[in-house]
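The values are calculated or read from the model by the stated rules, or taken from the named source; none is laboratory data. For clarity, every value in this text was computed on a predicted model and none was experimentally measured. All Cβ positions, glycine included, derive from the backbone under ideal geometry; neighbour counts span all protein chains shown.
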Amino acid sequence: MTGAGRRVPVGRIVGLSGVRGAVKLESWTEPRMRIFDYQPWQLVKAPGGELEMQGVEGREQGKGIIATLPGIEDRDQAAEWIGSEVLVPREALPDPEPGHYYWCDLEGLEVVTTQGVPLGRVQHLFATGANDVMVVRGGGKEHLVPFVPETYVVSVDLEGGRIEVDWDPDF
């Protein structure tokens, strides 16, 4: 299970730049300019607006990033997309290094303890600074399991859709 067909959020349009339709961009990639390597982009805004585009270009400007969106030629057109998430196909991302995972590949996996007790499924993950944490829900409970390999995360089987953890099911 590699997330085939899934779209992954890699950034957000946060403002306008100039009068020719350029936008200010928040990038969630490392390094942040790598966002332009992953295309096509799917811009998604609430409620219900979507736009796919290929050939997005950008540059760093001060502490921010400026993107030029193909087909968006003026400030008014660009303003409609402020707040939109930038999604890319999971297949556009490079394979992670061994032992590393994209969060989107872990979401939805079944989580069981080393004793075989099912805890539920990974709903999402969040970063704490010290480590990432899996939010696992099932059986009317929510478990916050640190994603720390060899300490709490014993194994990850993406193909089998399962993560084994050394975790107390009552915690």
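List of remarks:
- Any hit, segment 23-34, residues being of a type outside the set (S, T, N, Q) and over 24 Å from residue 104 (Cα atoms): yes
- Candidate set from segment 22-54 (those that are over 20 Å from residue 5 (Cα atoms), in a strand (DSSP E or B) and among the aliphatic types (A, V, I, L, M)); member that is nearest to the chain's Cα centre (by Cα): 25
- Set 87, 93: member being within 13 Å of the chain's Cα centre (by Cα), at pLDDT below 95 and of a type in the set (A, V, I, L, M): 93
- Residue list for segment 80-127, filter: closer than 17 Å to residue 146 by Cβ, touching a strand residue (DSSP E or B) at 6+ places or on another chain (Cβ under 8 Å) and in a loop (DSSP other than H, G, I, E, B): 99, 101, 107, 109, 114
- Of the numbered criteria (1) at pLDDT 95 or above; (2) under 22 Å from the mean Cα position of the chain (by Cα), the one residue 70 fails is (2).
- Contacts under 6 angstrom Cβ, first residue in segment 80-98 being assigned by TED's automatic domain parsing to the domain that holds residue 54, partner surrounded by 15 or more Cβ atoms within 10 Å (Cβ to Cβ) and among the polar types (S, T, N, Q), 6 or more apart: 87/42
- Residue within segment 40-48 that is touching a residue at least 12 places away in the same chain (Cβ under 8 Å) and over 26 Å from residue 103 (Cβ atoms) present: no
- Taken as a whole, the structure leaves residue 59 outside the set of residues that are out of contact with any helix residue (DSSP H, G or I) (no Cβ under 6 Å at 6 or more places or on another chain) and either of a type in the set (Asp, Glu) or in a helix (DSSP H, G or I) (or both).
- Restricting 119, 43, 69 to those that are of a type outside the set (S, T, N, Q) and either in contact with a Pro (Cβ under 6 Å, 6 or more places away or on another chain) or in the same structural domain as residue 156 (by TED's automatic domain parsing) (or both) reduces the list to 119.
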